[in-house]
Amino acid sequence: MKKIIYKKLLSDCLIFSLIGLFGISSIIWVFQAVNFLDIIIEDGRNYNIYFLYSLLNFPKIISKVLPFCIFFGFSYIFIKYEIKNELIIYWSYGIEKFSLINFFLFFSILILILQILLLSIIVPKSQEMARSLLRSSDVDYFEGLIKPRKFNDNIKDLTIFAEDKNSEDEFTNIYIKKKTSEDNFQITFAKKGVFEERGKDKILVLYEGQNLNNNNDKITNFSFSKSDFGLGDMKSHLNVYLKIQEQTSLMLFECAKNIILKENKKITFCNQNKPRDTYKELFKRFFVPLYLPLLILISSINLLITKENVNYNKFRFSIFLIGIFAIVMSESSLGFIENSFFYNFIFVLLPILSFIILYSVLFFKFKINTYKFKL
């Protein structure tokens, strides 16, 4: 019977937390996806690339929202059960309050492992895939590359500018600079330009212009009444190196080992003189999730107080504020990470010590109350 009761309470907590998690994450994802429209407007990507890129950022949003949703979801269900007198049924079956708390703490370990897997494997991989998607894709929506009175250099080795655009989608007074090699370039001026599709290719047709070519410090120029400027092989000007957030956890540990032991292994992103970024990323992936058991323990305090208590609402509000403070601390602690590896252990121990202290206080308080009740 106890197992059924435990599963019922746990399933209610999880269902409400998951609804909140995907609901809030979806709202944030929609707002973020609007910002990603620049991928199409500025970079000239097609809608398939935009959708996949936006979708690959969803795991990162979930990892950010998860701690709050778990804390809020568990707290809400515990309070709801108490207000509706459903917890009395649990206590009448001989279930001890502290044994129920221990059950949820055991389950919090599973959530902790899930969050670590999410932050250390899934999120970095999805971020790397999103970046690779942009690097490997072609520029398709070329009209978005030219904006009146604005220089655009999103395409590698190419700068485009147009003074205006008329009602017939014709650009006027166009300036194009194309870098053909390390020291050579080509500059094109035209009074008018319009995009045309020729088969699978997109062509910018220029009218009444002039071409300047710099080839080994020799400048040549010629005028034209009509000229085609092909854009089919253009690539976006993106960094080919992986950001530290996109690196695998194995590489981050290798970098940390390289820094601590002062080895001379060549790792592209690893800076021995400024290891803070590496430590910060490792801390975010493996130690910030340690706040999850603490958050569930804080929410479980709601099981120990009853609505008959005169200060029940104050206690409930205080528990909520303590949980929010723990969430803020988990995120803000990243800003205190320093270049010293051993100094950062203070912030690693913070959630562990907080959990031990709070658990010990609740344990002794519960035992004292139980002893008084028996007397």
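The values are calculated or read from the model by the stated rules, or taken from the named source; none is laboratory data. All of these numbers come straight from a predicted model, not from anything done at the bench. Here Cβ is always computed from backbone atoms with ideal geometry, including for glycine, and neighbour counts include all displayed protein chains. Protein only, heavy atoms only, side chains kept; ligands, DNA and RNA dropped before computing areas. Shrake-Rupley method; radii C 1.70, N 1.55, O 1.52, S 1.80 Å.
Which pairs turn up if I take residues in region 53-76 that are of a type in the set (A, V, I, L, M) and look for partners that are open to solvent by 40 Å² or more (accessible area, probe 1.4 Å) with beta carbon separation below 6 Å, at least 6 apart in sequence or on another chain?
Between residues of region 53-76 that are of a type in the set (A, V, I, L, M) and residues that are open to solvent by 40 Å² or more (accessible area, probe 1.4 Å), the close pairs are L56/M129; I61/I28; I61/W29; V65/I24.
For region 118-173: of the residues being in a loop (DSSP other than H, G, I, E, B) and among the polar types (S, T, N, Q), which is modelled with the highest pLDDT?
Kept after step one, since they are in a loop (DSSP other than H, G, I, E, B), are these residues of region 118-173: 137-141, 146, 149, 151, 153-154, 156-157, 166-170.
The next check asks that each one be among the polar types (S, T, N, Q); those that pass are 137, 154, 166-167.
Values: S137: 63, N154: 66, N166: 81, S167: 75.
Filtering region 118-173 for residues that are in a loop (DSSP other than H, G, I, E, B) and among the polar types (S, T, N, Q), the one modelled with the highest pLDDT comes out as N166.
For region 4-36, enumerate the residues that are open to solvent by 90 Å² or more (accessible area, probe 1.4 Å) and modelled with pLDDT under 85.
I4, K7, N35 - these are the residues of region 4-36 that are open to solvent by 90 Å² or more (accessible area, probe 1.4 Å) and modelled with pLDDT under 85.
So which of F58, F104, F74 ends up being open to solvent by less than 60 Å² (accessible area, probe 1.4 Å), among the aromatic types (F, W, Y) and touching a Cys at 6+ places or on another chain (Cβ under 7 Å)? Show your work before the answer.
Values: F58 fails: touching a Cys at 6+ places or on another chain (Cβ under 7 Å); F104 fails: touching a Cys at 6+ places or on another chain (Cβ under 7 Å).
After ruling out the rest, the residue left standing is F74.
Looking at V348, V361, V328, V310, which is the one that is over 15 Å from F74 (Cα atoms) and not in a helix (DSSP H, G or I)? Walk me through it before giving the result.
On the way: V348 fails: not in a helix (DSSP H, G or I); V361 fails: not in a helix (DSSP H, G or I); V328 fails: not in a helix (DSSP H, G or I).
V310 is the lone residue from the list that is over 15 Å from F74 (Cα atoms) and not in a helix (DSSP H, G or I).
Restricting attention to region 187-209, does a residue exist that is open to solvent by 70 Å² or more (accessible area, probe 1.4 Å), more than 23 Å from Y47 (Cβ to Cβ) and at pLDDT below 80?
no
Of everything in region 291-333 that's among the polar types (S, T, N, Q) and closer than 30 Å to K262 by Cα, which residue is most open to solvent (accessible area, probe 1.4 Å)? Walk me through it before giving the result.
Looking only at region 291-333, we keep the residues that are among the polar types (S, T, N, Q), and these are 299-300, 302, 306, 309, 311, 313, 318, 330, 332-333.
Of the ones still in play, those that are also closer than 30 Å to K262 by Cα are 330, 332-333.
Values: S330: 7, S332: 47, S333: 1 Å².
Looking at residues that are among the polar types (S, T, N, Q) and closer than 30 Å to K262 by Cα, I get S332.
In region 331-354, what residues are under 14 Å from K280 (Cβ atoms) and either in contact (Cβ under 8 Å) with a residue 60 or more places away in the chain or touching an Asp or Glu at 6+ places or on another chain (Cβ under 8 Å) (or both)?
Residues satisfying the conditions are I337, E338, N339, F341, N344, F347, V348.
Residue-by-condition table, conditions (1) under 15 Å from L112 (Cβ atoms); (2) free of Cβ contacts under 8 Å to residues at least 40 places away in the same chain; (3) in a helix (DSSP H, G or I); (4) among the basic types (K, R):
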| residue | (1), (2), (3), (4) |
| --- | --- |
| L292 | yes, no, yes, no |
| N302 | no, no, yes, no |
| F315 | no, yes, yes, no |
| G323 | no, no, yes, no |
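Determine which member of the set L290, L297, L321, L334 is among the hydrophobic types (A, V, I, L, M, F, W, C) and modelled with pLDDT under 90. Give the derivation first.
On the way: L290 fails: modelled with pLDDT under 90; L297 fails: modelled with pLDDT under 90; L321 fails: modelled with pLDDT under 90.
Every option except L334 fails the conditions.
For region 274-290, does any single residue satisfy the condition of being surrounded by fewer than 16 Cβ atoms within 10 Å (Cβ to Cβ) and either on the phi < 0 side of the Ramachandran plot or under 25 Å from the mean Cα position of the chain (by Cα) (or both)? Reasoning before the result, please.
Here is the first cut: in region 274-290, the ones surrounded by fewer than 16 Cβ atoms within 10 Å (Cβ to Cβ) are 274, 276.
Applying the additional criterion that residues be either on the phi < 0 side of the Ramachandran plot or under 25 Å from the mean Cα position of the chain (by Cα) (or both) yields 274, 276.
Yes - at least one qualifying residue is present in region 274-290.
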